[in-house]
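**Q** Right, I'll just put the structure down here and ask away after.
The values are calculated or read from the model by the stated rules, or taken from the named source; none is laboratory data. Treat the numbers as computed from the prediction; the structure is a model and nothing was measured. Glycine gets a Cβ as well: all are built from the backbone with ideal geometry, and neighbour counts include every protein chain shown. In case anyone asks, the SASA skips ligands and DNA or RNA and just uses the protein heavy atoms, side chains included. Shrake-Rupley method; radii C 1.70, N 1.55, O 1.52, S 1.80 Å.
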Amino acid sequence: MTKNGDAAPLVVLTDVNKHFGGLHVLRDINLTISRGEVVVVIGPSGGGKSTLCRTINRLETIDGGTITFDGRPIASEGRALARLRSEVGMVFQSFNLFAHKTILENVTLGPVKVRGLSKPAAARRGMELLERVGIGTQASKYPAQLSGGQQQRVAIARALAMDPKMILFDEPTSALDPEMVQEVLDVMVGLAGEGMTMMVVTHEMGFARRAADRVVFMADGRIIEENTPDEFFTAPRTDRARDFLSKILTH
Ligand SMILES: Nc1ncnc2c1ncn2[C@@H]1O[C@H](COP(=O)(O)OP(=O)(O)O)[C@@H](O)[C@H]1O
Ligand SMILES: [Mg+2]
């Protein structure tokens, strides 16, 4: 049984392989994510973490193995792909907000266009979400008028506006000034506590310890080690993980 009481996993990757030309970036990846689970993916740059994220909402294709989402093989095209994209939210390092739309418009665009919500209904819900991430008062501003931390919270509200079954976070705090990291992590910890299924690529160990159910350590396209945050950070099992942790802990 998972935290939410539904035994069927949300995401299952089986023997997934992916190449970029001659570069083998995902090697025999086997990973299951339960409903309500928070998985933190950690590992050296170039190890395949972003690619792994992107295969789950099919921003990247795979060339071997299978991925199922919510019991079905992930779609490759058409309506089923549009549905997958609406069910799997994504928050990137670089915010990716629409620069010429207001904060509220950034959050309501998807629900109106993809979900067919009326503009007033989308605006009401959008305002609720902006309040929830602490930026209700900024709704009529444009992204450039907000700090990085505020923009990233808008990106999270935008993902939530689609009522996703899962959110992928790819280094959501890496582009932020240090004083803004915590406000974004706090929102993410809140979501985790409410039972959102999340895969989070991050090196923020405080977040992993507070919110993760499991840490997945990836290097050279492979999952090297999987463990609870406590076990992983205090007693990594592999040299590779120990070496990596010693590097991120000492800088
Ligand atoms: N679109 C792409 N075309 C070619 N190579 C890519 C592409 N995206 C990523 N790579 C390469 O794949 C490897 C894994 O990249 P990535 O998934 O971004 O790793 P990470 O997120 O762990 O830093 C790296 O060697 C990277 O240079
Ligand atoms: Mg990356």
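**Q** Given (1) more than 16 Å from ligand 1 (Cβ to nearest atom); (2) among the polar types (S, T, N, Q); (3) touching a Gly at 6+ places or on another chain (Cβ under 9 Å), where does residue 51 come up short, assuming only one miss?
**A** (1)
**Q** Pick from 51, 66: which is more than 16 Å from ligand 2 (Cβ to nearest atom), hydroxyl-bearing (Ser, Thr, Tyr) and either in contact with a Leu (Cβ under 9 Å, 6 or more places away or on another chain) or within 26 Å of residue 28 (Cα to Cα) (or both)?
**A** 66
To keep it simple, each residue is scored yes or no on (1) among the small types (Gly, Ala, Ser); (2) in contact with a strand residue (DSSP E or B) (Cβ under 9 Å, 6 or more places away or on another chain); (3) at pLDDT 95 or above.
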| position | (1), (2), (3) |
| --- | --- |
| 83 | no, no, no |
| 101 | no, no, yes |
| 129 | no, no, yes |
| 134 | yes, no, yes |
| 139 | yes, no, yes |
| 143 | no, no, yes |
| 154 | no, no, yes |
| 168 | no, yes, yes |
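**Q** Give the residue that is surrounded by the fewest Cβ atoms within 10 Å (Cβ to Cβ), with candidates limited to residues of the stretch 146-193 that are among the basic types (Lys, Arg) and outside any loop (DSSP other than H, G, I, E, B).
**A** 158
**Q** Out of 62, 74, 29, 42, report the one residue that is within 15 Å of ligand 1 (Cβ to nearest atom), over 17 Å from residue 226 (Cβ atoms) and touching a strand residue (DSSP E or B) at 6+ places or on another chain (Cβ under 7 Å).
**A** 62
**Q** Looking only at the stretch 79-118, count every residue that is in contact with a helix residue (DSSP H, G or I) (Cβ under 6 Å, 6 or more places away or on another chain) and either among the basic types (Lys, Arg) or without any contact (Cβ under 8 Å) to a residue 40 or more places away in the chain (or both) and tell me the total.
**A** 3
**Q** Limited to the stretch 206-251, what total is found for residues that are free of Cβ contacts under 8 Å to residues at least 40 places away in the same chain and in a loop (DSSP other than H, G, I, E, B)?
**A** Qualifying residue count for the region: 6.
**Q** Could you grab me the full set of residues in the stretch 212-251 that are within 14 Å of ligand 1 (Cβ to nearest atom), open to solvent by less than 20 Å² (accessible area, probe 1.4 Å) and either over 16 Å from residue 47 (Cα atoms) or β-branched (Val, Ile, Thr) (or both)?
**A** 216
**Q** Could you check how many residues of the stretch 8-25 are in a strand (DSSP E or B) and either away from ligand 2 (no atom under 16 Å from the Cβ) or under 18 Å from the mean Cα position of the chain (by Cα) (or both)?
**A** Residues that pass the stated criteria total 9.
**Q** Within 13 Å of ligand 1 (Cβ to nearest atom) and among the hydroxyl-bearing types (Ser, Thr, Tyr): is that true of residue 34 in this structure?
**A** Judged against the criteria, residue 34 is not a match.
Let's see how each residue does on (1) closer than 25 Å to residue 236 by Cα; (2) open to solvent by 60 Å² or more (accessible area, probe 1.4 Å); (3) assigned to a helix (DSSP H, G or I):
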{"position": "29", "(1), (2), (3)": "yes, no, no"}
{"position": "46", "(1), (2), (3)": "yes, yes, no"}
{"position": "52", "(1), (2), (3)": "yes, no, yes"}
{"position": "79", "(1), (2), (3)": "no, yes, yes"}
{"position": "86", "(1), (2), (3)": "no, no, yes"}
{"position": "94", "(1), (2), (3)": "no, yes, no"}
{"position": "106", "(1), (2), (3)": "no, no, yes"}
{"position": "110", "(1), (2), (3)": "no, no, yes"}
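**Q** Provide a single number: the residues in the stretch 31-44 that are within 24 Å of residue 193 (Cα to Cα) and either among the polar types (S, T, N, Q) or surrounded by fewer than 20 Cβ atoms within 10 Å (Cβ to Cβ) (or both).
**A** 3
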